Amino acid sequence: MKPAQGGCDDSNTLAQVALDSDLIAYLPEMFAKAYPGLKRLPLKFSKDPVIASVHAISLRGRTPSPAAELALAECKALAKKLERK
């Protein structure tokens, strides 16, 4: 039997569900301090970088917001940095 998988865009809700059930949640370490009932599991992760495909989509004729322009610039700079390695 395959375990159930899901997603949640609210980390506090995810932490509360983990507290109230047998859910294993992947959360930032700060949640272990904020929710004392959570148990930290001793997991070891690869030091290899995580690679993700990033795409930007915009409507024709629309000007990106300053936040969107900054996010695009950061993604482009990171991509250039990773290409050099």
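Points to keep in mind about this one:
- Selection within region 1-13 - within 17 Å of Leu43 (Cβ to Cβ) and either of a type in the set (Asp, Glu) or surrounded by 10 or more Cβ atoms within 10 Å (Cβ to Cβ) (or both): none
- Residue satisfying all of: in region 41-74; among the charged types (D, E, K, R) and exposed (fewer than 10 other Cβ atoms within 10 Å of the Cβ); nearest to Tyr26 (Cα to Cα) among these: Lys44
- Helices (runs of 4 or more DSSP H) within the chain that include 1 or more residues modelled with pLDDT under 80: 66-84
- Scan of region 34-49 for residues that are among the aliphatic types (A, V, I, L, M) and under 30 Å from Ala79 (Cβ atoms), ordered by number: Leu43
The values are calculated or read from the model by the stated rules, or taken from the named source; none is laboratory data. Please read all numbers here as calculations on a predicted model, not as lab measurements. Reconstructed Cβ throughout: ideal geometry from the backbone, glycine too, with neighbour counts over all protein chains shown.
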